[in-house]
1. Kindly indicate the residue of region 165-183 that is buried (at least 22 other Cβ atoms within 10 Å of the Cβ) and closer than 20 Å to Ser84 by Cα and also modelled with the lowest pLDDT among those meeting that condition.
2. Just to be sure before I move on: is Lys219 surrounded by fewer than 15 Cβ atoms within 10 Å (Cβ to Cβ), assigned by TED's automatic domain parsing to the domain that holds Ser40, touching a helix residue (DSSP H, G or I) at 6+ places or on another chain (Cβ under 6 Å) and not in a helix (DSSP H, G or I) in the structure I sent?
3. What single numbered condition from (1) closer than 21 Å to Gly107 by Cβ; (2) in contact (Cβ under 8 Å) with a residue 40 or more places away in the chain fails to hold for Arg212?
4. Test Thr239 against the criterion of being assigned by TED's automatic domain parsing to the domain that holds Glu124, more than 25 Å from Asp22 (Cα to Cα) and β-branched (Val, Ile, Thr), and give yes or no.
5. Are any residues in region 111-156 more than 25 Å from Thr174 (Cβ to Cβ), of a type in the set (Lys, Arg) and not in a helix (DSSP H, G or I), and if so, which ones?
6. With a cut-off of at least 3 residues that are surrounded by fewer than 19 Cβ atoms within 10 Å (Cβ to Cβ), name the strands (runs of 3 or more DSSP E) lying wholly within region 1-103.
7. May I ask you to list the residues in region 170-216 that are of a type in the set (Ser, Thr, Tyr), in a loop (DSSP other than H, G, I, E, B) and in contact with a strand residue (DSSP E or B) (Cβ under 9 Å, 6 or more places away or on another chain)?
Amino acid sequence: MLELKNIKKSYFVGNIETRALDDISVAFREQEFVAILGPSGSGKTTCLNIIGGLDRYDSGELIIKGRKTSDFKDQDWDAYRNNSIGFVFQDYNLISHLSIVANVELGMTLSGVPAKKKHKRAVELLEQVGLKEHLHKKPNQLSGGQMQRVAIARALANDPEILLCDEPTGSLDTNTSIQIMDLIKEVAQKCLVIMVTHNAELAEKYADRIIRFQDGKIKSDSHPYQEGPKPDRFVLKKTSMNFMAALKLSFNNLRTKKGRTFLTALASSIGIIGIAVILSLSTGFQKQIDMFESDAMSEFPVIISQTAMQLDAENISSMRHKIKSKMTGTEEFAHSDQVYLYDPVINSLKDKGIIIKRHGLSNEPQDFIANKVISDLLQKEGAEILPVTLVDGVVAKTKAYPTNEEIEKWLETEIDSKPSIITSSCCCGPKGCC
């Protein structure tokens, strides 16, 4: 039925290792009442938790009806606990705001059992454990022995193959403990019951087999059993709770715990309102910043206007002529009495297409060449080119700007032989430059 092979389990607190189970091997029959005895810290409860799937072993193998559990996934362990295992705890673990019938029904609800069937089954189990007259009560209206009976009824609700009892009589008086042990003994006729207890007297009186633990190892076994090779006969019953049952449980929980529900709603409301306030302030500040930027930039407007142009053969030809004039330097300036800030040298050398690489100065900046050309030509004695002079902002003297031929001639005679760096600035009018 159930076999543990070389199971090891350790717990770590910092760098300190506590060995709870140290290479234990034991097998159990399908129908027997096994009591596990031993001092505190001997590994009894750890062994029970590993059998029930509440804890994972570090190494070894847990085999159930020939099926190894080392490859179990979380969903497999859930199905195993819910349908193959029943738990009875020392402190009962009943839900106080539910009736005892609802507590017994809860395990079947998680397994997806229909409402009518689970209610009928819960009532039958409570009658079997002697609580027929208390079906309408809640756990806090019962005695300790009665609550433990409810816990046993709940553990048996899904017809488990294994019933695990962790100190079921630890909180009960002597007479009540005997009643509970009688009930567990009766259950053991139908399934495997494994009970952890400190009460050796009750164990010897009721159990079919007693296993003693000490320091994480099995010290003795009164009726050992060796499991032989068997085919895999274990079938996992994977069940789930339907959506409406989950919704009903949720609303019932909210209704029965009004104080906690109110506090949770209040805290959630405060959080939502806080987020809304922060978003509002952020939006307001952003709008104010945008408004400030708009007012500041309105003093320096940038106006973009659209101009419609009809493209035809005549317009394209005219545009080509203008571009060619700019590139060759033949474009004429409009007649005007105004003076414009202008750099004629750079335009002369770049826009007029003067090629200076052939003069061996390909690595020199064009600005240097331009400044040198205009400087030498303007300073040469007897040159026909004179700078523009301004008297009270009016053009007093000006001559024509150097022609391409003059610039080419200067490049051939001057720069190839003695280039030097001379910078100049100039302003041009309609009839001349400086």
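1. Step one: filter region 165-183 for residues buried (at least 22 other Cβ atoms within 10 Å of the Cβ), giving 165, 168-169, 180-181.
Remaining after also requiring closer than 20 Å to Ser84 by Cα: 165, 168.
Details: Cys165: 94, Pro168: 90.
Looking at the filtered set, the residue picked out is Pro168.
2. On the way: surrounded by fewer than 15 Cβ atoms within 10 Å (Cβ to Cβ): yes; assigned by TED's automatic domain parsing to the domain that holds Ser40: yes; touching a helix residue (DSSP H, G or I) at 6+ places or on another chain (Cβ under 6 Å): no; not in a helix (DSSP H, G or I): yes.
No; evaluated as a whole, the condition is false for this residue.
3. With (1) closer than 21 Å to Gly107 by Cβ; (2) in contact (Cβ under 8 Å) with a residue 40 or more places away in the chain applied to Arg212, the lone miss is (1).
4. Numbers: assigned by TED's automatic domain parsing to the domain that holds Glu124: yes; more than 25 Å from Asp22 (Cα to Cα): yes; β-branched (Val, Ile, Thr): yes.
Answer is yes for this residue.
5. Lys138
6. Details: elements: 2-13, 16-28, 33-37, 59-64, 85-88.
Hits in region 1-103: 2-13, 16-28, 59-64.
7. Step one: of region 170-216, the residues of a type in the set (Ser, Thr, Tyr) are 171, 174, 176-177, 197, 206.
Narrowing the set further to residues that are in a loop (DSSP other than H, G, I, E, B) leaves 171, 197.
Within region 170-216, just Thr197 meets the criteria.
The rows are residues; the columns are (1) among the hydrophobic types (A, V, I, L, M, F, W, C); (2) exposed (fewer than 10 other Cβ atoms within 10 Å of the Cβ); (3) within 32 Å of the chain's Cα centre (by Cα).
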site: Thr261; (1), (2), (3): no, no, yes
site: Gly271; (1), (2), (3): no, no, yes
site: Leu279; (1), (2), (3): yes, no, yes
site: Ser282; (1), (2), (3): no, no, yes
site: Met291; (1), (2), (3): yes, no, no
site: Met297; (1), (2), (3): yes, no, no
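The values are calculated or read from the model by the stated rules, or taken from the named source; none is laboratory data. In this text the structure is predicted, and so the values were computed from the model without any measurement. All Cβ positions, glycine included, derive from the backbone under ideal geometry; neighbour counts span all protein chains shown.
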